[in-house]
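The next block holds one structure in the form of C-alpha cells; read it before the comments.
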Amino acid sequence: MAELETAGFESDLSLFKYDNLEQLPESYRTLTESERTDRITAALGELGDDVIILGHNYQRREIVEHADFIGDSYELSKRAAESDASYVVFAGVTFMAESADIITDPDQTVLLPSMEASCPMAGMAEALQVDAAWEQIENATDNRNIIPVTYMNSYADLKAFCAEQGGLVCTSSNASDAFNWAFERGDAVLFLPDKFLGRNTAAELGYDVDSPAGTDAVAEWDPWDPAGPDASDVSDAEIILWDGYCQVHERFRVKHIKSIRESHDANVVVHPECRRDVVRAADVVGSTSQICDTIANAEPGETWAIGTEVHLANHLQRWHPDVEVVPLCGDACMDCNAMRQIDPNYLTWLLESLADGEVHNAVEVAPQERDRAATALDRMLEL
C-alpha cells in the first residue's frame, strides 16, 4: 500500500493554504515536452485503471492531452465519483479537488499535481472571513432571514458554512434556480464570492441592476472597506453581493467586443462571471460547458470570439477547425494563473511517484466539514 502524504492544516477546517508542501524535485524542472510526454505515458501504462486524470477546460494543451475527461469543475467531479479508479488526479485548482473529494468514495484519493493552484476568487471569501461578516449582517437586520448561496468556485469550508446557515451551492448554469430556492426559504440572499455572476443572475431574475434605482434591492458589500457601505447600509437589500470576482473574466470590456466585431465580424460568447455591461453586449452568455456547446453547434465558417480563459479558446479552435475561434481580447487575453500552476512537469512527477508507490498532494476535506459541504451540494442537486 502506498504511503499517503496529505497537506497539513492550521485548524480542523481545511483552509487549504498549502504553503508547506515540497517543491518539485530538481530533476523534473528541465524536462522537455517530448521527455515528459513519454514519461507520463509510461507511468500511466504502469498505473492502468488505478488512476484517472481530470483536465479542466482552462488547462493548457500539454495537460488536457493526457486527460481521461475534459470539462467543467463539477462535471469532472461527477466523472470521478462514477469512476472505479483508486486515484483521481485533478488538473484544476484546489476547490475543484475538494469538491471531488467530497463526492467520491472514501477509498478514492484525490490528488492535485501542484498545491499552489489556488483560485484567487475562492480566496476572496474564506469561511472565517464570511463568518465574521455574517455576524455583522445578522446584527444589522431586523429579524430578516438571509440565505447564503455560494458559487461552486469556493472552498469546502465556505460550502459547509452555507449549509449550516440553511444555504446551498450553485454553478453558473443554475444560479438563478439557487436564488429562487433561497427566496422560497428566506427574505434575502447573500451571494458569494462572485459579485459579477451575482449581478448578472439578479438581472436574469428581473431585478433592475443597470440603473441607480436598482441599488436598494441589489447591493454590493465589502465588510472591510471603510469607504464602502457597512452592514446596516445593505441590510434591507434583497440580494447582497460579496465583493469578489474572477481576475480573468473581470478584465473583459465592451471595447473588446466592439473591436472584435469590427476586425473579425465575430459573434461573441462570454461567461457570466464577466462584468454586467460585457454580458449585455455579448450575443450569447453561458457557462464553460455552454460556451463549448455554442461552438460545437456553430455553422462552418462562422467566427466566434470567446470571452473566457484563453486556453479554452485555443482548445475550441483545435477541436472545431471548421469554425474560426478567437480570444475576445486577442493577444491581451489572460490565462488563469492558478491553472497555470498545474505544470506538465508536476504531472510527470506526481504520476511517476504514484507508480513507485508514493502518494503526494492528497486533498482531504475534514470529515465534519465534508458532510456539511455535501449537504450544500445535495441541496443544489435537488434544484
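The values are calculated or read from the model by the stated rules, or taken from the named source; none is laboratory data. All figures in this text were calculated on a predicted structure; none of them were measured in a lab. All Cβ positions, glycine included, derive from the backbone under ideal geometry; neighbour counts span all protein chains shown.
Taking each residue of the stretch 259-282 that is outside the structural domain of R199 (by TED's automatic domain parsing) and looking for partners that are in a helix (DSSP H, G or I) and of a type in the set (K, R) with beta-carbon atoms closer than 6 Å, six or more apart or interchain, yields R276/R199. Considering the conditions (1) buried (at least 22 other Cβ atoms within 10 Å of the Cβ); (2) in contact with a Cys (Cβ under 6 Å, 6 or more places away or on another chain), V310 is excluded by exactly one of them, (1).
Does the stretch 342-351 contain at least one residue that is of a type in the set (V, I, T), under 17 Å from S99 (Cβ atoms) and touching a His at 6+ places or on another chain (Cβ under 9 Å)? Yes, because at least one residue in the stretch 342-351 is of a type in the set (V, I, T), under 17 Å from S99 (Cβ atoms) and touching a His at 6+ places or on another chain (Cβ under 9 Å). List the strands (runs of 3 or more DSSP E) that sit entirely inside the stretch 47-135 and contain at least 2 residues that are of a type in the set (V, I, T). Because the criterion is at least 2 residues that are of a type in the set (V, I, T), the strands (runs of 3 or more DSSP E) in the stretch 47-135 that meet it are 51-56, 87-91, 109-111. What do you reckon, is E138 assigned to a helix (DSSP H, G or I) and surrounded by fewer than 19 Cβ atoms within 10 Å (Cβ to Cβ)? Here the answer is yes, as E138 does meet what is asked.
Summed over the stretch 233-289, the residues that are more than 24 Å from Y74 (Cα to Cα) and touching a Cys at 6+ places or on another chain (Cβ under 7 Å) give a count of 2.
Count of the stretch 111-170 residues, restricted to those that are modelled with pLDDT under 95, aliphatic (A, V, I, L, M) and in contact with a Ser or Thr (Cβ under 7 Å, 6 or more places away or on another chain), is 3.
For the condition more than 25 Å from A80 (Cβ to Cβ) and either polar (S, T, N, Q) or at pLDDT below 95 (or both), P212 qualifies. Taken together, the criteria exclude S99 from residues that are touching a strand residue (DSSP E or B) at 6+ places or on another chain (Cβ under 8 Å) and modelled with pLDDT of 95 or more. Within this structure, V254 passes the test of being surrounded by fewer than 16 Cβ atoms within 10 Å (Cβ to Cβ), touching a helix residue (DSSP H, G or I) at 6+ places or on another chain (Cβ under 8 Å), modelled with pLDDT of 95 or more and not assigned by TED's automatic domain parsing to the domain that holds L205.
If you go through the stretch 250-275 and pick out every residue that is of a type outside the set (S, T, N, Q) and either in a loop (DSSP other than H, G, I, E, B) or touching a Phe, Trp or Tyr at 6+ places or on another chain (Cβ under 7 Å) (or both), you end up with 12. Taken as a whole, the structure places M96 among residues that are touching a helix residue (DSSP H, G or I) at 6+ places or on another chain (Cβ under 7 Å) and within 22 Å of H249 (Cα to Cα). Candidates in the stretch 189-220 are the residues that are touching a residue at least 60 places away in the same chain (Cβ under 8 Å) and closer than 22 Å to K159 by Cα; of these, the one that is surrounded by the fewest Cβ atoms within 10 Å (Cβ to Cβ) is F196. When you scan the stretch 143-157, do you find a residue that is more than 30 Å from S353 (Cβ to Cβ), free of Cβ contacts under 8 Å to residues at least 24 places away in the same chain and out of contact with any helix residue (DSSP H, G or I) (no Cβ under 7 Å at 6 or more places or on another chain), even just one? Yes, the conditions are met somewhere in the stretch 143-157. The set of residues in the stretch 316-338 being touching a Cys at 6+ places or on another chain (Cβ under 9 Å) and under 23 Å from L31 (Cβ atoms) consists of C336, A338.
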